[in-house]
Structure formats: structure tokens, C-alpha cells
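Below is one structure, written out as C-alpha cells; comments come after it.
The values are calculated or read from the model by the stated rules, or taken from the named source; none is laboratory data. Everything numeric here is computed off the predicted structure, so don't read it as measured data. Neighbour counts run over all protein chains shown; Cβ positions are idealised from the backbone, glycine included. Side chains are part of the model used for accessible areas, which takes the heavy atoms of the whole protein and leaves out ligands, DNA and RNA. Shrake-Rupley method; radii C 1.70, N 1.55, O 1.52, S 1.80 Å.
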Amino acid sequence: MTNRNSEQSGTPDITALGHDVFQIDTKMAGYQGITAGYLIRSSRPCLVETGTSTSAPVVRAALASLGIDPADLATVVVTHIHLDHAGGVGDIAAMYPSAEVVVHEKGARHLADPTRLMASARMVYGDALDVLFGELSPVPVSRLRTLDDVGTVDLGDGRRLESYYSPGHARHHVGLLDSLSGDLYVGDAAGVYIPETGDLRPATPPPDFDLEVALASIAKFASLGPSRLLFSHYGPVSDVPATLERSAEEISVWVSETRAARSAGMDLDHAVDAVRRNTLARYAAFADDADPAVREKFEEISGAAANVGGIWHWLDKIDQASS
């Protein structure tokens, strides 16, 4: 069951996944089971995803319990720069002064100078920003290394992370394939997974969502033949082909429902209500007998307003281009 506690309460929530990979619950806004970071405890230890700024103390405690001292961490990699994934990167960089920070080239400038990113987030979330994410601290330019469409992160002893550009959710998004374990860190490109119910829901927020690009990224993930998918929201999934197929299906369904709402003359607010209502039956988390805490968590990390808003924004761009 999901609990919402202080993000610094209790002992670190760590799950060993094999191959020296450890899932860390980064406890965004005090929720359990919403945001995951992953430590690869190789000869060059690597943290994939930091969580939010307020998650940084949680991550530090988890790494310490796993035997990673401040001088030990070699690399921090973020799949993209959204604040639930990379909001803590500046704080973690300060805590681990030897760690290189790796990000796609389209996101690097926002980590070096988060002013515009934080201002945009403040416009969307208002005062809730401080509770949900905290403040992204800048990363010194000298500590940043950028990835192009493909790239590698050295994990030591011949082990590596291979990065693959995977936009559609965000234009600065990468997937990361572990050469030893076969794990693929999917960020948000394959959507949001709820382990309690096995539900998978899309993540299509504005401003970067693009249907064809998103579907191409999912197809790219499938072509890599990973042994397992590691979701930032939330946890490992072993049934890779079926999960990626479902991911593509979910995105297509939400786009179809949003298009239908627009065609019916609805405004955005009414479209959100209609798409939410028309998709509820797809998810066990919204069944009458479902745990309300799981339902709340699902809405927190894959809310209908954000998903429909991102699709609506993309459809607006299509309409403008054709006019």
C-alpha cells in the first residue's frame, strides 16, 4: 500500500534487483512508490535519476547504506530534465563532488542554468512547486557531459550504459541500456507503471509530446531487445514485449479520445473530464474496490489534465501547421 510520509522519514527504501542494481524510492513529495532512482554498484558506481530536490537527502541516505561514500560515486545520469527525474541533480552533484553529470545535449543548458526551467515550472504548479519538487540547483558546467543521439557511460570493467535518444515525451529524453544486465531505463518514454495493479498509463504532458515521435521511441526500445524495463515511475517489469505494446496502445487510445473530444466541440477542461471518464475502465487502479491511495498516486504521476493537455497542445500545433 502507498503511504504519504515525510520524505526524510524512516530508513531508506531499497530493493536489490540483481546484477548490483538497486532501486531507491526517492519519495517525491513524501509519497512512497512514485519516483525511483537506481544505483548501479559497479566499479564505477552510477546513479540513474536523482528524483526531486527534496529527494536528495533520501538518495544520500540510501547510497550511504549501500556503501557509497561521497568520493565514490562516479556518474549521475538523468533520462531527462523534468523535475521529478532531475530536480535533485544539483544537490546530488554537490554531495558527490567526484561525480560526472550526464544528460542529453538538449537538456544540459537547463541544468547549468535552471532559471527558465524553474520559472516555467512555477507558472504551471504555483506554490505547489515547493512541496512537489523543490528548487533545482545549478550544476557547474565543468561537471556536465552531454549525450547525442547515442552515447555510452562507463560503468567500469567493460560494463557500460548505452544511451538512445528517445523523444516524444520530452525532446531531451534518453533511454539507457545496461550492457551486463540487459536492463533498459525507460524514464517516461514508455509511460507510467503501477506495480500494485499492473496498470500502464501514458505520460504525454506539454510541451513536447508528439504521437509519431513517441511511438518511434517505443519501437526503438523494443528493437534493443532488453531483458527488463526499469521504470522511473515505478520499478522493474520483465514482460518487455507485452509492456511496450501496451505502452504504444495506451498513447494511441488517449490521442484518439482527445481528438474525439475536440471534434465534439469540447473545450480543454471538458475534454479532460471526458477522456478521464472514457479511459477509467482500462485501469484496475480505478476499480470500485481499488485502494484509494494507489488511485491518488496514479493521478499524481499520470494525471488526466497533464496528459490531455499535452496531446491538446500537439493537436494545436498540427492545426496551426495545416492552416
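Side notes on the structure shown:
- Whole-number percent relative contact order across the range 66-125, with pairs defined as alpha carbons under 8 Å at least 6 apart: 35 percent
- Evaluating kT/(6 pi eta Rh) at 25 °C and 0.890 mPa s, with the Kirkwood radius of the range 6-60 over Cα pairs in the Stokes-Einstein relation, gives 219 µm² s⁻¹.
- Carbon/sulfur fraction of accessible area - the range 1-127, other protein chains in place, 1.4 Å, %: 49 percent
- Within straight-line cross-link reach of K220, lysines at Cα separation under 24 Å, skipping those fewer than 8 residues along the same chain: K106
- The fraction of accessible area contributed by carbon and sulfur in the range 146-242 is 53 percent, rounded to a whole number (1.4 Å probe; ligands and nucleic acids excluded).
- Residue with peak Gaussian network fluctuation, the chain [Cα springs, cutoff 10 Å], from G18, G134, G30: G18
- Among A62, A93, A119, the largest mean-square fluctuation in a Gaussian network model of the chain (Cα springs under 10 Å) belongs to A119.
- For K297, the lysines whose Cα falls under 16 Å of its own Cα, not counting residues fewer than eight places away in the same chain, are K27.
- Scattering profile of the range 220-308 at q = 0.12 Å⁻¹ [log10 I(q)/I(0), Debye over alpha-carbon scatterers]: -0.46
- Chain lengthening between E299 and S179 when straightened (0.36 nm per residue, less Cα-Cα): 39.8 nm
- Quarter of Cα convex hull surface for the range 171-323, i.e. mean projection, nm²: 9.3 nm²
- Normalised alpha carbon radius of gyration of the range 1-157 [divisor 2.2 N^0.38 Å]: 0.98
- Here the relative contact order of the range 91-242, from alpha carbon pairs under 8 Å that lie six or more residues apart, stands at 18 percent.
- 1.4 Å probe accessible area per residue over the chain, in Å²: 40 Å²
- Helical content of the chain, expressed as a calculated mean residue ellipticity at 222 nm, amounts to -11500 deg cm²/dmol (DSSP H runs of 4 or more residues, -39,500 (n - 2.57) each, divided by residue number, nearest 500).
- Extending 7 Å from the Cα toward the beta-carbon at both H313 and D239 defines two label points whose distance is 3.3 nm.
- Volume in Å³ per residue [convex hull over Cα atoms, computed for the chain]: 127 Å³
- In terms of its alpha-carbon gyration tensor, the range 59-124 comes out prolate; a/c meets the 1.5 threshold, and the first ratio a/b outweighs b/c.
- Computed P(r) (all Cα pairs; the range 103-242; 5 Å bins; percent): 2, 9, 16, 19, 21, 17, 11, 5, 1, 0
- Structural descriptor for the chain: relative contact order 14 percent, calculated from alpha carbon pairs under 8 angstrom and at least 6 residues apart.
- Stretchable slack from A219 to R116, in nm (0.36 nm times residue separation minus alpha-carbon distance): 33.9 nm
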